[in-house]
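Enquirer: The structure that follows is given in the form of structure tokens.
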Ligand code: FNR
């Protein structure tokens, strides 16, 4: 099976497998405040994550790897929505286009459609510095995502079996590229130990890509006869992983993602310490099943609802929402207590 065919299998299975699993956001509750002392129009989403200026805490996460006409169309449509809604957008893995230059147009289209937007390049941790530079140049990216997907590779019969040296390769990339490097997971979450290692090599932004949404172990296990079902429940739930990462250091910016589908989860992710929240599966499903206009409306609704939640909490900015008091209960409380995270 070609890389492009495999990627389309992923999209089909991601849509079929469904999104609702345990992100642990149900264990998080806002504490109501009766005197917010602000106006709905006081809310601003504008913020800076390192050198990146964002006008929304919502961003479109990587989904369009593999190349081919379908990748081109999906990238084009997502870039149009990102421009209209003022969102940052990551493309999927560009490795296929680095190996076969005739595929570059399937990614370059995002810059063509959105000349001044925040666009994020994407490669796996097998990439070397020259490939990272070329992926960034291909879409004149404002940042580069390097994804870590050990469990996905292990569940694929044709996947990688050698994970030696990823941290060293990422360090080499961080040293040579001239845009921020975001290291991301793909739905299995990041522990505080992982985030500490990344911080030690100069990474300043992580996307914890937590458990509870798109599940690549389940997707691969459905595709393949020889199932490794023990990986189906593997991973750190998104809400817990954001807490693990924010415990490490204030100097690392956190992007929360993995199974976020509502404004309530979006707001909770920020209150747990994230600066922005990535959406993949939900946006893909709406785009493929209902089209561009429906996706734009969904993003507008998320923005409006987030404004209401922030007003109720008296939080005028994303930074203020990050400080909103929370009550943590259930499995998440248990987890954080045992891990010494408060
Ligand atoms: C992905 N994801 C992904 N991530 C990445 O870094 N590079 C990639 O090429 C892809 N490809 C991809 C394809 C499809 C079809 C999906 C649904 C997802 C992972 C994605 O960015 C995200 O980390 C996970 O999907 C978890 O978020 P959601 O889907 O639960 O919001």
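Enquirer: What is the helix-to-structure angle for 69-85, meaning the angle in degrees between its Cα long axis and the longest Cα principal axis of the chain, kept from 0 to 90 and rounded to the nearest 10?
Expert: 20 degrees
Enquirer: How do the peptides 221-228, 282-289 rank, highest first, by the average count of neighbouring beta carbon atoms within 10 Å per residue?
Expert: Listed from highest to lowest mean packing, they are 282-289, 221-228.
Enquirer: Return the percentage of antiparallel bridges among DSSP beta bridges fully within the chain, rounded to the nearest 5 %.
Expert: 20 percent
Enquirer: OK, next. Label residue 342 and residue 249 with points 7 Å out from Cα along Cα→Cβ: what is the distance between them in nm?
Expert: 2.3 nm
Enquirer: Does the range 182-297 come out rounded, prolate or oblate by the C-alpha gyration tensor, with a ≥ b ≥ c the root eigenvalues, rounded set by a/c under 1.5 and, if not, prolate when a/b is larger than b/c and oblate if not?
Expert: Oblate is the answer for the range 182-297, as a/c is 1.5 or above yet b/c matches or exceeds a/b.
Enquirer: I would also like to ask the following. For the chain, what class follows from the C-alpha gyration tensor (a ≥ b ≥ c being the square roots of its eigenvalues): rounded when a/c is under 1.5, otherwise prolate if a/b is larger than b/c, else oblate?
Expert: In terms of gyration-tensor shape, rounded.
Enquirer: Among 156-169, 44-57, 106-119, how do they line up by average Cβ neighbours within 10 Å per residue, starting with the highest?
Expert: The peptides rank, most packed first, as 106-119, 44-57, 156-169.
Enquirer: Based on the Cβ-Cβ distance of residue 304 and residue 329, what FRET efficiency does E = 1/(1 + (r/R0)^6) give at R0 = 35 Å, to the nearest 0.05?
Expert: Working from the Cβ atoms, E equals 0.80.
Enquirer: Using a 7 Å offset from Cα along Cα-Cβ at residue 222, what residues in the range 156-196 end up with backbone N under 20 Å from the label point?
Expert: Within reach of a label on residue 222, which here means backbone N under 20 Å from a point 7 Å along Cα→Cβ, the range 156-196 contributes 156-159, 186-189.
Enquirer: What FRET efficiency, computed as 1/(1 + (r/R0)^6) with R0 = 22 Å and r the Cβ-Cβ distance, is obtained for residue 162 and residue 230, rounded to the nearest 0.05?
Expert: Here the calculated transfer efficiency is 0.60.
Enquirer: Same structure again: At what distance in nm do the modelled label points of residue 319 and residue 101 sit from each other, each positioned 7 Å from its Cα along Cα→Cβ?
Expert: If labels sit at residue 319 and residue 101, their model points lie 4.6 nm apart.
Enquirer: While we're looking at this one, here's another question. Suppose we keep just the alpha-carbon trace of the range 294-342; what are its Rg and Dmax in angstrom?
Expert: Just the Cα atoms of the range 294-342 yield Rg and Dmax of 15.1, 43 Å.
Enquirer: Evaluate E = 1/(1 + (r/R0)^6) for residue 41 and residue 293, where r is the Cβ-Cβ distance and R0 equals 41 Å; express this FRET efficiency to the nearest 0.05.
Expert: Details: r = 26 Å, r/R0 = 0.64.
Once the sixth-power term is evaluated, E becomes 0.95.
Just so you know, all these numbers are worked out from the coordinates, no wet-lab data involved. Bear in mind that the values here come from a model prediction, so they are computed numbers and not experimental data. Note that we place each Cβ from the backbone using ideal geometry, even for glycine, and neighbour counts take in every protein chain shown.
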